[in-house]
Every structure is written in C-alpha cells, then in structure tokens.
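The structure under discussion appears below in the form of structure tokens.
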Amino acid sequence: MKNRKFVNSDIEPKKNGIHHTNGYRSSENIIKSKLTNEHQDNNVATDKYKSIHDSKESFEEAPLITACLTYFGFYLLMIIGYINQLFFEPKVATEKNRDGYVPLFDSFERFYLRYVYRRVKDCWNRPICSCPADTLVLKDRITPDFGWSFEFTGTTTKCLNLGSYNYLGFAQTSGPCAEDSIKSIEKYGIATCNARRELGTNALHIELEELTAKFFGVEDAIVFGMGFATNALNLPSLLSPGCLVVSDEKNHASIILGLRLSGATIKVYKHNNVKHMEKVIVDSIAYGQKNGKPWKKILIILEGVFSMEGSIVKLPQIVEIKKKYGAYIYLDEAHSIGATGSHGRGVTDFYGVDPKDIDILMGTFTKSFGSAGGYIAGSKSLINFLRANSHAHCYASSMAPAVTQQILTSMKIIMGLDGTNEGKKRIDQLARNTRYFRKRLAQIGVITYGHEDSPVVPMLVYLFSKIGAVVRTLTTRNIAVVGAGFPATPIMEGRIRFCLSAAHSKDQLDYALSVIDEIGDKLGLKYSRKPKDPNPIEY
C-alpha cells in the first residue's frame, strides 16, 4: 500500500525550515513571497539560460495581410461548403433507422469533413509500400470525384522522406536491428498474445526495462506496447479527483485524453511560458480546490520537443519551479528521446539536468528507435505501482518480440554498447542536419517555428489552400511531406511539418531546399521579414 500512497495521498511535508501544507508552501507564504520577491524568482544562472534559450527559438508572427487572407479563405471555403450541402447530396453513407439514438458524428464535424477537409484529403493518409527510411515509396492514387473516393492506379512514386519520425535512421530493412529482430522471431515467435501480467512477459521485456532504466540513469522502467496508450492509460492510474494538473496548451492528444479520464482538475498555461505556468501554480495553491481543501498533489505535465511547434521545453526553469512549490513533473519525451542531447538521452541530457529531478519520464519507441511502444521511467516505487495498477500493463497485449528486439539493438547502438561509435555518429549527424536545414530555410525567407536544435521543423504556409498546393507540388518533385491545418493547428497557423533524420545526406537536403526555394516564389511562401544571412551556410 506504500506505492498507492505515492499516487493518491498527500505529498510528504518537506523538512527545510519552511512551513508546508501537504507538501506545498502555505498560501499565506506564497502570496507574501510573490508580493515581495516578484522580480527575484530566478537567479543569475537562470536569467543567463533564459536569454540563451530564447535567442535560439523563433515564433515569427504572420504579416497582417496574410492573416486577413487566411481567415477570408477559410470562411469562403465554409460558405461554399454550405451551398454545396444545400444543393447536392453527399456521396457518403448515411445513418438510417436510428431514431432515438445519438448521431455518431455531430453536425459540424460531418460538415467539416465533407466540404472543407475533403478538398485536401488527398494530402493525408497517403499509403506507402516501403520502409520509411530516408526515402519511401508512395502508392499512387487518384480521385475521380473531388475527394469523395480514391482509386489506386497500380503505380508507385519514390520520394525523399521528410515526413517520418525516423530521427536516428534506425528504420531500415537491413543491418543489425533487422537481423536481431529476425532472430528474435525465430526464438520467441511473432507475438505473445497476452498481457504482461499474465503470460505476456518474456526475457526481452525484462532486459529492455533494465536497459531503459540504465539509459536514463534512474532506478527502474516499465514498457508498453503502444505509445499513445502509455499516456492515455497510465495518467488515470497516477491521478485522481482532488489532484491538480498544470498542462502546456500544446500537449499531445494522448496526454489530453489521459487527463480527462483521470478526473483530475486541469489548468492550462500558455505554450512554454514559464512565468504563466508559475502564476497558475501560485493561484491554484493560494485558493485550493472548490471545496476549500488543498490539492492532493500538483503535477506539471509537458513535452520535451513539441511535435507541432518544434519548440524545446524550458526544463531548467521548470525544475526550479517544481522544487519551489513541491510539485511533480511528468515529462513526455516522445519526440526528444534520441533526437536531443549529446548522448541522445533527451532534454535532460540536452540541458544537463539530473534525470532524477524529473519524477516521471515518459517517451515512445516509435521515433528515434524505429520501432513501436512506449515507456515510463523513474523511481522503483513509481514503477512498482504501475506494474500493479496500470491498465496498459494489466490488460493490453504486450510488446511483440521483434518490436522489443528492435528497441534493444538500437538503444545499445545509441549507448555505444555494441562496441562502435555508430550511435554517436547518428546523433551528431541529426544535429548537423537540423541546424543546416533550419538556417537554410531562414535564408530562403520562409517562416519556421521552434528551437534551432529541434528536428521537428514547421514551415508556416497559413492559407488552407496552400497546404494542399505545397504537399501536391512537392510530391510531383518526389518529396514527401506532412501538411497540418485546423483542427490540428489553429486556423491561422497552417503549416508543412518537416521531420529530419540522421539518414538524410546533405545532397538530399540541398535538393529539398532548392525545390522549397523555387515553389516559395511561385506559391508565395516567403513571409519572413527577418534579415537574411547573406553568407553561405556551412554544413
């Protein structure tokens, strides 16, 4: 029952000479501290970090005329859609004989999918028939009825892959990862067909959990078969009504779903805005729950690299705030593990933060490791609690042997346990590709979001119609990319999201950049008003 106390009981009072209530500084002390020390919260080192960090991040605003045209274009599409809906019957199946039942989709969702999203539907969900490495093969398809249906042509197109999360290039059909995975199938079979708590655990799972804990420098780790479920099914085990969650507004859908299922109170702070986050925490502690009781615990939840913004969390400042107010940190490193830090260990490695200062380290194996599944790492008491209470551990099918072996082999390469420096070479190559690509895009004159060391590179195109135009044009030039628009992004921030990989060569990046430069003039993508570096960018 000790582990259950960790999750559901009040935090132990700290013994530092300051009066605490349930582990937090009393509301009286907090308000007094806020009034007297409002401008002295951070020391010189933190101020220095902040200035360095902010100088490496960019979120340039759109020109006013572009913003106006974006809204005008979107609402024009809506108006045309309503006219189509009025005069033409949609070419889709309709629900019948369901009197008294709630519709499967609400009216606006049906309208949006049919008359707005349908116009650019060919740019998403594109089937591939190859490994998503530095290049991939798209299955060609056509739509004879403007997106209502699709037909395969029987042909394929090989494209440069700038849309997959293959950060370290481990998505390969040959090499040690593939060879070891084949051997694991011969020894353990295709799947366990059972949950971990029953008959679904084998030696590979135990080895992976031990290696994952060693990789992060923490006491223990637990792995799951699905990355999305790692958040969605574990957060309800860690939280309950009476707990407070302080969540970044750009957190992933899996986090949002898990928080909703938990029943905890959720308060959102502005993206990567540490001052606003601290204000939310201070106000929440001062006023407590609606019934006047103090919070059972406060959990700060955030991502390492934000998958749509390309920004890197300001971890050192957040760790200071966590310690200051006795909160917990839940860090989702789906896009940062392997892709950031000199050793590929994520944002704790990137900033030199002690991983033991992060209470719950979460991440996925679907990106940098070229596999599937997710993990949670931390203290032994935390992991033991999850082994007993996590729905993802107790009920879901365990990770397949070949999937587990792919992670084991790639993680050993990253750590240098294979006896080579291949892992270090891949980490350095990704960092080099990231900085080069971002600097060249800035030189071209397009607007990008995020940190200069983030391999997620959103290029803003704003207009809904331009998302489709850019994706289609790049495909004709044998470049595969991902477009993102409303509701995945705000209406005003339609974008093309590039994901870089250590597998990309300079020649491949130069080709992509030359095409982007060319279509940037034709389609009007060069919105940036920043001064351009006239000097050649070194690779």
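Here segment 195-215 is the region considered, the condition is being open to solvent by less than 40 Å² (accessible area, probe 1.4 Å) and part of a helix (DSSP H, G or I), and the residue that is nearest to residue 380 (Cα to Cα) is 213.
Of all the listed residues (62, 133), the sole one being at pLDDT 90 or above, closer than 30 Å to residue 450 by Cβ, out of contact with any Lys or Arg (no Cβ under 6 Å at 6 or more places or on another chain) and aliphatic (A, V, I, L, M) is 133. Within segment 398-418, at least one residue is touching a Gly at 6+ places or on another chain (Cβ under 7 Å), without any contact (Cβ under 8 Å) to a residue 60 or more places away in the chain and over 30 Å from residue 491 (Cα atoms).
Within the set 488, 503, the sole residue that is of a type in the set (A, V, I, L, M, F, W, C) and closer than 19 Å to residue 253 by Cα turns out to be 488.
Please specify each residue of segment 125-142 satisfying the condition of being under 17 Å from residue 472 (Cβ atoms), in a loop (DSSP other than H, G, I, E, B) and open to solvent by 50 Å² or more (accessible area, probe 1.4 Å). Of everything in segment 125-142, those that are under 17 Å from residue 472 (Cβ atoms), in a loop (DSSP other than H, G, I, E, B) and open to solvent by 50 Å² or more (accessible area, probe 1.4 Å) turn out to be 125, 126. Evaluating residue 221 against the criteria (1) under 17 Å from residue 359 (Cα atoms); (2) in contact with a His (Cβ under 8 Å, 6 or more places away or on another chain) leaves one unmet condition, (2).
Looking only at segment 143-165, filter to residues that are open to solvent by 70 Å² or more (accessible area, probe 1.4 Å) and among the hydrophobic types (A, V, I, L, M, F, W, C); which one of those is nearest to residue 341 (Cα to Cα)? Result: 152.
Would you pick out the residues in segment 151-175 that are among the hydrophobic types (A, V, I, L, M, F, W, C) and part of a strand (DSSP E or B)? Listed by number, the residues that qualify are 152, 159, 160.
With modelled with pLDDT under 95, surrounded by 24 or more Cβ atoms within 10 Å (Cβ to Cβ) and not hydroxyl-bearing (Ser, Thr, Tyr) as the only criterion, which of 419, 363, 370 stands out?
Every option except 370 fails the conditions.
Among the residues making up segment 478-508, a single one is open to solvent by 40 Å² or more (accessible area, probe 1.4 Å), within 21 Å of residue 166 (Cβ to Cβ) and without any contact (Cβ under 8 Å) to a residue 40 or more places away in the chain: 507. Within segment 299-312, none of the residues are assigned to a loop (DSSP other than H, G, I, E, B), touching a residue at least 40 places away in the same chain (Cβ under 8 Å), among the aliphatic types (A, V, I, L, M) and open to solvent by less than 30 Å² (accessible area, probe 1.4 Å).
Taking residue 411, is it part of a loop (DSSP other than H, G, I, E, B), crowded, with 23+ Cβ neighbours inside 10 Å and touching a helix residue (DSSP H, G or I) at 6+ places or on another chain (Cβ under 7 Å)? For residue 411, the condition - part of a loop (DSSP other than H, G, I, E, B), crowded, with 23+ Cβ neighbours inside 10 Å and touching a helix residue (DSSP H, G or I) at 6+ places or on another chain (Cβ under 7 Å) - is not met. Tally time: how many residues in segment 313-354 are open to solvent by 10 Å² or more (accessible area, probe 1.4 Å) and either at positive phi or of a type in the set (Phe, Trp, Tyr) (or both)? Total satisfying the criteria: 6. Here residue 226 fulfils each of the conditions (1) open to solvent by 20 Å² or more (accessible area, probe 1.4 Å); (2) without any contact (Cβ under 8 Å) to a residue 60 or more places away in the chain; (3) of a type in the set (A, V, I, L, M) apart from (2). Can you spot a residue in segment 166-181 that is in contact with a strand residue (DSSP E or B) (Cβ under 6 Å, 6 or more places away or on another chain) and open to solvent by 20 Å² or more (accessible area, probe 1.4 Å)? No, segment 166-181 has no match at all. For segment 414-429, a residue qualifies if it is assigned to a helix (DSSP H, G or I) and of a type in the set (Asp, Glu), and the qualifying residues are 422, 428. Within segment 96-109, the set of residues being under 30 Å from the mean Cα position of the chain (by Cα), farther than 22 Å from residue 483 by Cβ and either basic (Lys, Arg) or part of a helix (DSSP H, G or I) (or both) comprises 107 only. Just so you know, in segment 233-289 the residues that are touching a His at 6+ places or on another chain (Cβ under 8 Å) and of a type in the set (Lys, Arg) include one that is most open to solvent (accessible area, probe 1.4 Å), and it is 270. If you check 449, 527, 539, 511, which single one turns out to be over 25 Å from the mean Cα position of the chain (by Cα), surrounded by 15 or more Cβ atoms within 10 Å (Cβ to Cβ) and under 30 Å from residue 424 (Cα atoms)? One residue alone meets the criteria, 511.
The values are calculated or read from the model by the stated rules, or taken from the named source; none is laboratory data. Here the structure is a predicted model, which means the values were calculated and not measured. Cβ sites come from the backbone with ideal geometry, for glycine too, and all protein chains shown count toward neighbours. Heads up: the accessible areas ignore ligands, DNA and RNA and are worked out on the full protein's heavy atoms, side chains in. Shrake-Rupley method; radii C 1.70, N 1.55, O 1.52, S 1.80 Å.
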